[in-house]
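Let me begin by presenting the structure, written as structure tokens, before commenting on it.
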Amino acid sequence: MSAELEQLESSIGYQFRDRSLLDRALTHKSYRFERPAAAPGVLGDNEQLEFLGDSVLGFLVAEQLVILYPSLPEGGLSKRKAHLVSAQRLYEAAEVLGLGRYLRLGRGEEMSGGRSKRALLANAYEALIAAMYLDGGLEVSRRFILTHVVEPFSNDGPDGESAVSDFKSALQEYTQKLKLPTPRYSIVKEQGPEHAKTFTVEVRVGKDVASRAEGNSKKSAGQRAAQIALEELNRAHAEMG
């Protein structure tokens, strides 16, 4: 595998077991069109992965919105979801990753500036999500979307509202509402090389609730741990009510 793709894996915080999935996610249809299908090293393009990634992204964003806003009407949830999964949002997230530099494009697409086209980058981003889902499962995709799609843009939602998702703040407010102890966070593990570290963070609410989660930053691990604790408290409160 090229050093460039290893760098991309480091940036997304995930190492592929089946690296052909990553190659395919980065292959635009123009690349295949200009090459015989049987040529060595030419895989399928990313259109089917884009289709799957759109569904995975939509489901996981909807899941987080329902958890974070349990009393919000459907219209409000739909508005926030549309904002988070929009082509503009995915384009911005792809730009942060520098995804364009890794794409396999045909000559015509390359000459016309394909590496910086909004639609092309947004589609490749969805394909990347699908590749991670197929290779590592739903939790890998969930962690990536929370860290790279949701958190960096949490303060620019529609109508000036936070789109999602500060789970730490939501957990803090929820525990206050239930008159529970203040959540306490601790880093319980750090592993991996400096350029690709993963962190495990634990959050405790009193003696009965303790949740752990991993992330490629302390912030993302803490947010995920808070989300899990919030889910547990929601379930427990619903059962009691």
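The values are calculated or read from the model by the stated rules, or taken from the named source; none is laboratory data. These numbers come from a predicted model, not from an experiment. Every residue, glycine as well, gets a Cβ built from its backbone with ideal geometry; the counts of neighbours run over all protein chains shown. Note: areas computed on protein heavy atoms with side chains; ligands, DNA, RNA excluded. Shrake-Rupley method; radii C 1.70, N 1.55, O 1.52, S 1.80 Å.
Among the residues of the range 195-207, is any touching a Ser or Thr at 6+ places or on another chain (Cβ under 6 Å), in a helix (DSSP H, G or I) and either at pLDDT below 90 or over 15 Å from Arg142 (Cα atoms) (or both)?
Checked the range 195-207: at least one residue is touching a Ser or Thr at 6+ places or on another chain (Cβ under 6 Å), in a helix (DSSP H, G or I) and either at pLDDT below 90 or over 15 Å from Arg142 (Cα atoms) (or both).
What residue, of Ser141, Ser211, Ser220, is at pLDDT below 90, surrounded by 14 or more Cβ atoms within 10 Å (Cβ to Cβ) and closer than 27 Å to Ile12 by Cβ?
Ser220 is the lone residue from the list that is at pLDDT below 90, surrounded by 14 or more Cβ atoms within 10 Å (Cβ to Cβ) and closer than 27 Å to Ile12 by Cβ.
Please pick out the residue among Leu128, Leu49 that is modelled with pLDDT of 95 or more, over 11 Å from the mean Cα position of the chain (by Cα) and surrounded by 20 or more Cβ atoms within 10 Å (Cβ to Cβ).
Among Leu128, Leu49, only Leu49 is modelled with pLDDT of 95 or more, over 11 Å from the mean Cα position of the chain (by Cα) and surrounded by 20 or more Cβ atoms within 10 Å (Cβ to Cβ).
Of the numbered conditions (1) modelled with pLDDT under 85; (2) on the phi > 0 side of the Ramachandran plot, Gly13 satisfies every one except a single condition; which is it?
For Gly13, the failing item is (1).
Answer yes or no as to whether Arg35 is at pLDDT 90 or above, open to solvent by 20 Å² or more (accessible area, probe 1.4 Å) and assigned to a loop (DSSP other than H, G, I, E, B).
no
Any chance the range 144-151 includes a residue that's open to solvent by 50 Å² or more (accessible area, probe 1.4 Å) and in contact (Cβ under 8 Å) with a residue 24 or more places away in the chain?
No: zero hits.
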